[in-house]
Amino acid sequence: MFEPIFQLPPTQSLSVSYQPWLPESRMADDTLALITFGRAHDDNAPDQRTLNVALEPLLGADLVEVWHGQGAVRAGCHGRVHYREDDQHVFAFLEIDERDYRCVGAAAEAAYAEMRAFQAQSPKPHLLRIWNYFDHITAGRGDDERYQLFCVGRAAGLGEHRPEALPAATAIGRRHNSHKLQVYWLAATQPGRPLENPRQVSAYHYPRQYGPAPPRFARATLTAAGDLLISGTASVVGHATHHDGDLGRQLGETLCNLDALLAHAHASDPRCPQRFGPATLLKVYLRHRGDAGHVAEVLRARLPADAPLLILEADVCRSDLLIEIDGLHR
Ligand code: 3EB
């Protein structure tokens with residue numbers, strides 16, 4: 001006699017790479033998402049296949065980001081949501097024209113409500129990671145600043161989402177008028193574990209001075225496979241911006257924050273390495289293009305010799321922040 005053993009298949013590690021783009025590049029059948037960068041690719045009509053982030057690459061202009069699925073990948077649409085999924089993960093995106101709404105906040109509320117509706121019917125209900133891109137993120141004053149309006153709309157669209165279960169996120173601004181609110185996300189059959197940064201106040205507990213609705217995201221998500229999805233990380237200690245106007249020091253503080261996050265992740269799951277390594281993929285958002293050389297030099301010293309690095313020219317969501325870094329760490 002033997003007893004049958006029923007087990008969920010173990011969650012697979014995420015497979016993501018930055019690889020050279022070729023004009024004839026096509027997604028393979030097992031591709032979950034292919035992301036291009038820069039305005040040169042922005043004409044490509046969005047479909048289930050490629051996604052363009054219209055931020056100018058300052059380093060890595062020839063690179064695309066590829067999320068590989070495991071086995072068969074299916075593509076589909078659900079309302080305005082386009083997605084591709086394998087058995088464990090779904091990669092989905094939404095692009096909304098802000099001009100169809102009263103303000104960027106109303107557009108964000110609609111986008112997040114659609115995301116929530118999509119996730120509610122998906123066999124991969126657990127949000128792991130969200131990326132948000134829109135125009136002129138720091139334009140407007142006080143509570144009417146576009147980032148604050150976005151935060152209010154996002155909170156309304158997410159509804160009664162428990163703060164302790166929020167996914168990791170990035171919210172970054174473009175400098176041109178595309179009128180597009182672009183939201184894309186990764187979700188899974190298995191929940192991830194949200195992590196906070198011991199050096200930082202949780203964003204969802206930011207005090208009122210930063211806006212009427214605190215930003216809803218976790219500092220990172222540790223997946224069931226032990227991969228770390230790192231939110232946009234900047235020179236924020238406690239809740240305050242440090243080193244106003246000093247790129248070198250902001251970069252140092254950001255790396256300190258990332259070290260603290262990695263140490264915390266490693267303590268939570270020893271499969272997650274404590275230091276950057278060959279399977280770490282970083283994406284840098286940089287306010288001033290003239291700083292790219294310095295940033296590349298500092299990061300190269302911290303990463304393996306041939307690690308690909310992507311630096312994008314972008315606006316961070318506080319006007320005193322000059323740099324933000326997000327990524328994937330395995
Ligand atoms: C910060 O630490 C920097 O609103 O989704 C980083 C990552 C930041 C995500 C978001 C904002 C967001 O507060 C800003």
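By the gyration tensor of its Cα atoms, with a ≥ b ≥ c the square roots of the eigenvalues, what is the shape of segment 15-329: rounded for a/c under 1.5, prolate for a/b over b/c, or oblate?
It is rounded, given that a/c, with a ≥ b ≥ c, falls under 1.5.
Suppose R0 equals 30 Å; then what is the FRET efficiency for ASP259 and HIS205 from their Cβ-Cβ distance, rounded to the nearest 0.05?
E(calc), rounded to 0.05, equals 0.85.
Taking only the Cα atoms of segment 33-133, how large is their convex hull per residue, in Å³? All intermediate terms of the calculation are to be shown ahead of the outcome.
Details: hull volume 12.0 nm³, N = 101.
Hull volume normalised by residue count: 119 Å³.
Determine the gain in length on full extension of the stretch ASP246-ASN177; use 0.36 nm per residue of separation and subtract their C-alpha separation, reporting nm with one decimal. It would help to have the intermediate numbers written out before the result.
Details: separation 69, 0.36 × 69 = 24.84 nm, distance 2.82 nm.
Stretched fully, the ASP246-ASN177 segment lengthens by 22.0 nm.
What are the extents of the Cα atoms of segment 195-330 along their three principal axes, in Å, largest first?
38, 34, 19
Would you work out which of TYR147, HIS242, SER231 lies farthest towards the positive end of the dipole of segment 109-251, given +1 charges on the beta-carbon of Lys and Arg and -1 on that of Asp and Glu, about the Cα centre?
The one lying farthest along the dipole's positive direction is SER231.
In deg cm²/dmol, rounded to 500, what helix-only [θ] at 222 nm does the chain give when every DSSP H run of at least 4 residues adds -39500 (n - 2.57) and the total is split over its residues?
-6500 deg cm²/dmol
Starting with the fewest neighbours, write out ASP143, ASP259 ranked by other beta-carbon atoms found within 10 Å of each beta-carbon.
By the 10 Å Cβ count, ascending: ASP143, ASP259.
State whether segment 147-274 is rounded, prolate or oblate according to the following rule on the C-alpha gyration tensor (a ≥ b ≥ c being the square roots of its eigenvalues): a/c under 1.5 gives rounded; otherwise a/b larger than b/c gives prolate, and the remaining case gives oblate.
Here segment 147-274 falls in the oblate category.
With r as the distance between the Cβ atoms of ARG193 and ASP29 and R0 = 41 Å, compute the FRET efficiency 1/(1 + (r/R0)^6) and round to 0.05.
With R0 = 41 Å, the Cβ-Cβ based efficiency is 0.85.
Between exposed chymotrypsin sites (Phe, Trp or Tyr not before Pro) in the chain, where DSSP calls loop and at most 11 other Cβ atoms lie within 10 Å, what's the longest gap?
Answer from the scan: 7-330.
For segment 280-312 and segment 136-204, compute the distance between their C-alpha centroids and round to whole Å.
First find each Cα centre; the distance between them is then 24 Å.
With each pseudo-label sitting 7 Å past Cα toward Cβ, what's the GLU160-ASP269 distance in nm, one decimal?
Result for the modelled spin labels: 2.9 nm.
What is the extension gain from ALA75 to SER13, computed as 0.36 nm multiplied by their sequence separation minus the C-alpha to C-alpha distance, in nm to one decimal?
20.2 nm
Read-outs throughout are calculated quantities, based only on the coordinates presented, and are distinct from any laboratory measurement. Remember, it's a predicted structure, so these values are computed and weren't measured experimentally. Positions of Cβ are generated from backbone atoms using ideal geometry, with glycine treated the same way; all protein chains shown enter the neighbour counts.
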